[in-house]
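The next block holds one structure in the form of structure tokens; read it before the comments.
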Amino acid sequence: MPFSFQIRSLDEYTHVYEQSIREPETFWDSIAANFSWRKTWDKVLEWNFREPNIKWFLNGKLNITENCIDRHLKDKADQPALIWEPNNPSEDHRVITYSELYFKVNQFANVLRNNGVKKGDRVCVYMGMVPELPIAILACARIGAIHSVIFGGFSANSITDRLQDAQVEYIITCDGAYRGAKDIPLKNIIDDALVSCPFVKKVIVLQRTGTAVSMIKGRDVWWADEIEIVEQMGNPVFVAEEMDAEDVLFILYTSGSTGKPKGVVHTCGGYMVYATYSFVNVFQYQPGDIFFCTADIGWITGHSYIIYGPLCAGATSLMFEGIPTWPDAGRFWDIIDKHKVNSFYTAPTAIRSLMANGLEPLKDKDLSTLKVLGTVGEPINEEAWHWYDEHIGKKHCPIVDTWWQTETGGIMISNLAGVTPSKPAHATLPLPGIQPVLVDEKGNEIEGNGVSGNLCIKFPWPSIIRTTYGDHERCRLNYFAAYPNLYFTGDGCLRDEDGNYRITGRVDDVLNVSGHRIGTAEVENAINMHTGVVESAVVGYPHDLKGQGIYAYVIFDNTLHDPDLTRKDIAATVSRIIGPIARPDKIQFVNGLPKTRSGKIMRRILRKIAEGETTNLGDTTTLLDPIVVNEIKEGKIN
Ligand code: WTA
């Protein structure tokens with residue numbers, strides 16, 4: 001029996017979930033049949049978590065852009081595919097229909113080919129949130145080039161690391177990007193990054209802000225000039241490259257517990273199937289709905305739920321260039337009213353910061369078109385959940401609390417809007433096809449309800465990470481080595497009496513600051529670059545708006561003339577090395593760090609002190625020098 005693509009009732013969910021676990025291959029075979037394939041697969045799945053080696057829809061051939069665009073031309077040519085709302089509300093918004101998107105993606109795919117880009121080449125996209133960003137991404141996918149989007153908030157040094165790791169030869173960027181009152185000089189940042197990347201052949205620059213840039217002869221070209229060349233060629237259609245289901249679609253870098261970000265690799269077939277399936281089911285998308293995801297396309301949420309999921313489903317996806325608090329804290333609500341948005345998907349950190357602005361910005365806002373609300377990226381506290389429910393959803397919009405990761409490609413645990421029950425601050429139940437388990441430190445499965453443990457997944461799903469670019473062993477060690485035959489998420493989790501999952505946060509050395517993943521080791525490496533810093537240790541602490549703030553303990557070797565200035569210097573160093581998102585909130589100078597006899601920093605103690613715990617620091621008997629703990633406690637920054 002084929003499964004219906006969209007689950008519409010709790011009974012159906014229960015039934016389909018059970019079958020999807022009993023016969024996963026039959027289930028996914030039937031879900032994948034809803035897409036347009038050049039050639040169907042010979043086999044649904046081949047896998048082991050040992051190496052790992054995971055392949056979905058073997059020998060299936062497709063191009064994801066034919067699914068995102070071409071197949072909608074028959075019925076939806078004039079329907080908006082993308083609505084773009086500019087940073088400045090006085091500038092006109094833009095609407096791009098499916099037929100216009102088809103035209104523009106074909107055109108830019110020709111630009112890429114004219115500039116030498118071929119199937120398999122790595123293309124870095126470092127742009128602001130303008131419509132040309134999804135166009136560039138889709139053009140890469142059409143040509144079969146591997147896109148690697150870098151968030152506009154990363155510094156030159158972070159970009160260099162990523163370009164070198166992926167041996168990127170082509171870059172698409174903008175002169176600058178508008179974000180609120182700021183104008184970020186993207187091209188200048190790229191130029192700094194490229195000083196150590198001689199292997200980059202071409203940089204295509206879109207003009208957005210009109211800021212002065214330096215264009216290097218033979219390397220840098222303007223987007224508009226290149227489009228003109230294609231126009232002179234008569235705008236030929238670009239026949240989409242035939243891709244194998246397991247060909248790489250994109251690389252997206254994310255932080256782990258080691259010092260270096262890793263390039264998560266997603267492939268064409270499985271990612272397409274899962275991003276679309278999860279989009280349609282979690283948000284209960286209905287034809288004609290306008291979907292507004294506030295994420296930046298530089299993160300996985302933007303990839304899956306601004307571009308690929310909604311477009312594959314034939315939805316209208318709204319993208320916003322600016323920030324929630326500019327020109328005032330009512331901007332999201334204005335956009336919802338202006339474009340009659342039906343589904344709104346944002347991060348708890350945004351909700352908390354808007355909540356902190358009070359109800360004034362909500363005065364005169366209608367919001368009556370809203371049907372579904374969503375959150376992603378970090379645990380949502382009950383207070384924020386209720387505020388969202390009451391003041392935005394007016395108590396009639398289901399809130400989906402969606403748990404997932406860059407590595408999972410799509411939403412894994414979430415209620416399905418209006419179909420399965422929600423519970424404040426709980427991601428609730430897994431999507432059909434997803435098999436979560438909780439394990440103890442030794443990897444024993446913890447069964448039953450009302451328990452907690454480390455969250456793992458015991459069976460593959462189509463958009464599971466395939467490898468970390470250029471270093472498969474790293475992928476194995478990070479996700480598949482902690483517990484045999486399980487994918488380890490790095491998250492701690494509770495399962496309540498009814499079987500609902502509640503994610504409690506990372507159990508590894510990864511911070512979640514305003515919904516952004518940041519490795520403590522990365523921040524420490526950056527702090528240690530400052531002259532005078534001998535050693536540092538970074539931990540997270542609860543922060544009202546950001547969820548977690550960054551607390552740094554620093555041993556400094558010079559006499560501190562002005563500790564405040566030195567703190568600012570250190571924070572500026574981190575901004576320069578990683579980007580402003582990784583700037584420590586608090587820096588405490590210390591004489592020593594609590595270490596075990598084998599020299600390992602006991603972060604557990606530092607974390608407790610940063611959280612404000614003074615007495616119950618746990619076992620300190622294994623410490624080399626217990627005195628430092630008292631000193632650190634006394635010098636705590638409030
Ligand atoms: C956290 C973002 C609680 C979690 C899509 C995960 C969440 C990390 C939730 C992945 C949620 C994401 N509730 N925590 N609904 N969603 N997380 O890769 O710690 O940027 O491991 O992907 O965010 O972050 P990433």
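One line per residue, one yes/no per condition, for (1) among the aliphatic types (A, V, I, L, M); (2) closer than 22 Å to Val574 by Cβ; (3) within 26 Å of the chain's Cα centre (by Cα):
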site: Ile137; (1), (2), (3): yes, no, yes
site: Ala145; (1), (2), (3): yes, no, yes
site: Ile159; (1), (2), (3): yes, yes, yes
site: Asp165; (1), (2), (3): no, yes, yes
site: Ala193; (1), (2), (3): yes, yes, yes
site: Pro198; (1), (2), (3): no, no, no
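It is to be established whether one or more residues within the stretch 324-342 are more than 16 Å from the ligand (Cβ to nearest atom), modelled with pLDDT of 95 or more and within 30 Å of Gly263 (Cβ to Cβ).
The answer is yes; a qualifying residue exists.
Would you list the strands (runs of 3 or more DSSP E) that sit entirely within the stretch 403-498 and hold 2 or more residues that are within 27 Å of Thr26 (Cα to Cα), open to solvent by less than 10 Å² (accessible area, probe 1.4 Å) and hydroxyl-bearing (Ser, Thr, Tyr)?
The qualifying strands (runs of 3 or more DSSP E) are 487-495.
Check Gly549, Gly492 and return the single one that is among the small types (Gly, Ala, Ser) and near the ligand (Cβ under 10 Å from one of its atoms).
Gly492
Can you name the residue in the stretch 282-303 that is open to solvent by 10 Å² or more (accessible area, probe 1.4 Å) and under 19 Å from Leu138 (Cα atoms) and, of all such residues, is farthest from the ligand (Cβ to nearest atom)?
The residue in question is Asp296.
Any residue that is within 20 Å of the chain's Cα centre (by Cα), more than 25 Å from Leu58 (Cβ to Cβ) and either small (Gly, Ala, Ser) or within 11 Å of the ligand (Cβ to nearest atom) (or both) - is there at least one of those in the stretch 440-461?
yes
Kindly list the number of the only condition in (1) at pLDDT 95 or above; (2) within 16 Å of the ligand (Cβ to nearest atom) that fails for Pro379.
(1)
Do you know which residues across the stretch 228-264 are over 27 Å from the mean Cα position of the chain (by Cα) and buried (at least 19 other Cβ atoms within 10 Å of the Cβ)?
Result: Val230, Phe238.
Taking the stretch 367-387 as the search range and keeping residues that are among the small types (Gly, Ala, Ser) and over 17 Å from the mean Cα position of the chain (by Cα), which one is least open to solvent (accessible area, probe 1.4 Å)?
Ala384
Restricting to the stretch 609-638, name every residue that is in a loop (DSSP other than H, G, I, E, B), open to solvent by 40 Å² or more (accessible area, probe 1.4 Å) and under 12 Å from Gly592 (Cβ atoms).
Leu624, Asp625, Pro626
Which numbered condition trips up Thr349, out of (1) within 16 Å of the ligand (Cβ to nearest atom); (2) in a loop (DSSP other than H, G, I, E, B); (3) of a type in the set (Val, Ile, Thr); (4) within 19 Å of Gly322 (Cβ to Cβ)?
(2)
The values are calculated or read from the model by the stated rules, or taken from the named source; none is laboratory data. Here the structure is a predicted model, which is why all the values come from computation and not from measurement. Virtual Cβ from ideal backbone geometry, glycine too; neighbours counted across all protein chains shown. Only protein heavy atoms, including side chains, enter the accessible area calculation; ligands, DNA and RNA are left aside. Shrake-Rupley method; radii C 1.70, N 1.55, O 1.52, S 1.80 Å.
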